[in-house]
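K.L.:
Have a look at this one before I ask anything.
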Amino acid sequence: MIPYGRQDITEADIAAVVEVLGSDFLTQGPRVPAFEAALCQATGAAHAVAVNSATSALHIACLALGLGEGDLLWTSPNTFVASANVGHLCGAEVDFVDIDAGTFNMSADALEAKLERAAASGRLPKVVLPVHMCGQSCDMARIGALARHYGVRVVEDASHAIGGAFGAMPVGACEHSDICVFSFHPVKIVTTAEGGAAVTNDPELAARMERFRSHGITRDPALMEGESHGPWYYQQLDLGLNYRMTELQAALGVTQMARLEDYVARRNALAARYDRMLGNLPVALPGRSEGVISSFHLYVVRVDAERRRAVFEAMRGDGIGVNVHYIPVHTQPYWRRHGFGPGDFPVAEDYYARAISIPLYAGLSEAQQDAVVASLGKALG
Ligand SMILES: *Cc1c(COP(=O)(O)O)cnc(C)c1O
C-alpha cells in the first residue's frame, strides 16, 4: 500500500531520540526550548510554545485570547474536527465560514459578508480560525485586515502549512494573526509522533499559553500575587492542563526541523509533477493562490461526484492509500446536534463530494507516483 502520507525518519532522528533516553530529562528539559527556538527560527515568530498536539495548541491559543462562554469562534467547515471543537472546549459557540471553490480555504469574500451581517446584529466572533488547507495559506492579508477592522482576533490553523509562505513571510510569522498553530502528527510536514505548537509575536499571549500548557502554574515571582515563599514556590494563576511535549518528541522535532526546507521543496516538486502528469485526465487539479508558497501537505484532485466512490475504491484496490479531506465538520452528528446540517455551507459540501487526496510525502518515489497516476487513470476509465 502506498499511503497518502508518511513520516520520514532518518538515522539522525533515531540517534537524537535514543540519546534523550539516557539523559536526565524525559520531559521538561532543554530540548523543548531548543525545538521552540527552531520553530521561531523557521517562522520568524518571536515566541513558540510546544505542546503534545495541534489540538492542544489550538485550545491554549483560544484560552490565551480569553475565548469563553458567551463568545463566538468562526472556522472553516473544511477542516479536521479539532479546529471547531476547541471553540466548544472553551465554552464558546462555534459557527463556520464557507470556503473558496478554487483554494478550498475559508473564503475572504464569505468572511467579509458574514462579518458585515454579524456587526449589524451585534454578534461578532471573538476569534476567527482560518485553516491553511493542504498547506496553502489563506488570504491572510485580507483576513487580517477584516479582523482588525471588526476587532476580531485571528488564530491560524497551520497544521498543514509549516514551511509555506504568504507573500514575503513564512507561515507562522503572524504578520496578520495573533497566533499560528502547527501539527507534528506523522502525516504532516515534520513530525514529533504526536505534537503541536503555537507561535506568536505577543509576549503576553506566549506567557499565558505557557501557563495553560502546564496547569496554569507559574514559577516567575514577577507574575505572582504577593511574595514568593522561596525557591520551591509556584502559584496557579489560571485553570490549565497538562499539554506538555516530552523531550523525546522535542529531540525528534529538532532533527526533523533541520530538513524542513528539503521536505517542502520535495513536496512541491512532486506536486508539480502531478500537475503535469494529471493534465490530460478528467480531474480538477488543486488551485494555486498567487504569492503563496504551499508546503503541500496534501494533493487533492476532484472528480465527478457520482464517480468519486468508485474511483476511490478502485484505487484502494490497486494498493493506493487514497483518502478524503475533509468531511464538512458541520455535517458531523455532534455538530448537527448543535443546529448545523447539510446545505449550510454548500461550497465545502460540493468540494467534499468530489475530493480525493492522492499520496504525497517526502519519501514518495517517482515510480510510486507513476503507479498512483496509472491507477487514477485506470479508475477514471
Ligand atoms: C492534523 C490537524 C489537526 C490536529 O492535529 P493534532 O496534532 O493531531 O492534534 C488540526 N487541524 C488540522 C487542519 C489538522 O490537519
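The values are calculated or read from the model by the stated rules, or taken from the named source; none is laboratory data. Bear in mind the structure is a predicted one, so any value in this text is a computation, not a measurement. Quick reminder, even Gly has a Cβ in these numbers, built from the backbone with ideal geometry, and neighbours come from all protein chains shown.
K.L.:
As an exercise: evaluate residue 101 against (1) of a type in the set (A, V, I, L, M); (2) under 18 Å from the mean Cα position of the chain (by Cα); (3) under 25 Å from residue 361 (Cα atoms) and give the number of the one condition it does not meet.
P.N.:
Result: residue 101 passes all but (2).
K.L.:
For residue 37, indicate whether it is farther than 19 Å from residue 177 by Cα, touching a strand residue (DSSP E or B) at 6+ places or on another chain (Cβ under 8 Å) and more than 16 Å from the ligand (Cβ to nearest atom).
P.N.:
For residue 37, the condition - farther than 19 Å from residue 177 by Cα, touching a strand residue (DSSP E or B) at 6+ places or on another chain (Cβ under 8 Å) and more than 16 Å from the ligand (Cβ to nearest atom) - is met.
K.L.:
Let me ask another. So for segment 267-279 (the condition being under 18 Å from residue 101 (Cα atoms) and in contact (Cβ under 8 Å) with a residue 40 or more places away in the chain), does at least one residue qualify?
P.N.:
no
K.L.:
Quick one: residue 228 ticks every box in (1) part of a loop (DSSP other than H, G, I, E, B); (2) under 24 Å from the mean Cα position of the chain (by Cα) bar one, so which box is it?
P.N.:
Result: residue 228 passes all but (2).
K.L.:
Examine segment 281-293 for a residue that is within 19 Å of residue 48 (Cβ to Cβ) and at pLDDT 95 or above, and state whether such a residue exists.
P.N.:
No: zero hits.
K.L.:
Which of the residues belonging to segment 80-100 are of a type in the set (Gly, Ala, Ser) and within 16 Å of the ligand (Cβ to nearest atom)?
P.N.:
Within segment 80-100, 82, 83, 84, 87 qualify.
Each row is one residue, and each column tells you yes or no for (1) closer than 30 Å to residue 86 by Cα; (2) at pLDDT 95 or above; (3) touching a Phe, Trp or Tyr at 6+ places or on another chain (Cβ under 8 Å).
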site	(1), (2), (3)
244	yes, yes, no
249	yes, yes, yes
263	yes, yes, no
266	no, yes, no
270	no, yes, yes
309	no, yes, no
313	no, yes, no
322	yes, yes, yes
326	yes, yes, yes
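K.L.:
Related question: Count, please, the residues in segment 174-197 that happen to be surrounded by fewer than 24 Cβ atoms within 10 Å (Cβ to Cβ) and either closer than 18 Å to residue 33 by Cα or among the polar types (S, T, N, Q) (or both).
P.N.:
Qualifying residue count for the region: 3.
K.L.:
Pick out the one residue from 204, 210 that is crowded, with 18+ Cβ neighbours inside 10 Å and over 18 Å from the mean Cα position of the chain (by Cα).
P.N.:
Result: 210 is the single residue among 204, 210 that is crowded, with 18+ Cβ neighbours inside 10 Å and over 18 Å from the mean Cα position of the chain (by Cα).
K.L.:
Starting from segment 29-52, take each residue that is free of Cβ contacts under 8 Å to residues at least 40 places away in the same chain and of a type in the set (A, V, I, L, M, F, W, C) and list its partners that are assigned to a strand (DSSP E or B) and surrounded by 21 or more Cβ atoms within 10 Å (Cβ to Cβ), counting only C-beta distances under 9 angstrom and pairs at least six apart or across chains.
P.N.:
Correct list of pairs: 37/48.
Matching residues to (1) away from the ligand (no atom under 16 Å from the Cβ); (2) within 28 Å of residue 262 (Cβ to Cβ); (3) part of a loop (DSSP other than H, G, I, E, B):
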| residue | (1), (2), (3) |
| --- | --- |
| 73 | no, no, no |
| 102 | yes, no, yes |
| 123 | yes, no, yes |
| 137 | no, yes, yes |
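K.L.:
Name the single residue, out of those in segment 266-292 being assigned to a helix (DSSP H, G or I) and within 19 Å of the chain's Cα centre (by Cα), that is surrounded by the most Cβ atoms within 10 Å (Cβ to Cβ).
P.N.:
Step by step, filter segment 266-292, then rank; the result is 267.
K.L.:
Answer yes or no as to whether residue 222 is within 15 Å of the ligand (Cβ to nearest atom) and out of contact with any His (no Cβ under 7 Å at 6 or more places or on another chain).
P.N.:
Taking the combined requirement at face value, the residue does not satisfy it.
K.L.:
For segment 144-188, name all the residues that are part of a loop (DSSP other than H, G, I, E, B), more than 14 Å from residue 40 (Cβ to Cβ), more than 16 Å from the ligand (Cβ to nearest atom) and touching a helix residue (DSSP H, G or I) at 6+ places or on another chain (Cβ under 9 Å).
P.N.:
Across segment 144-188, the qualifying residues are 152, 167, 175, 176, 178.
K.L.:
What residue, among those in segment 50-71 that are of a type outside the set (A, V, I, L, M, F, W, C) and more than 9 Å from the ligand (Cβ to nearest atom), is surrounded by the most Cβ atoms within 10 Å (Cβ to Cβ)?
P.N.:
Looking at the filtered set, the residue picked out is 59.
K.L.:
Let me ask another. I want to confirm something. Restricting to segment 195-210 and keeping residues that are out of contact with any strand residue (DSSP E or B) (no Cβ under 6 Å at 6 or more places or on another chain) and not aliphatic (A, V, I, L, M), which single residue is nearest to residue 63 (Cα to Cα)?
P.N.:
208
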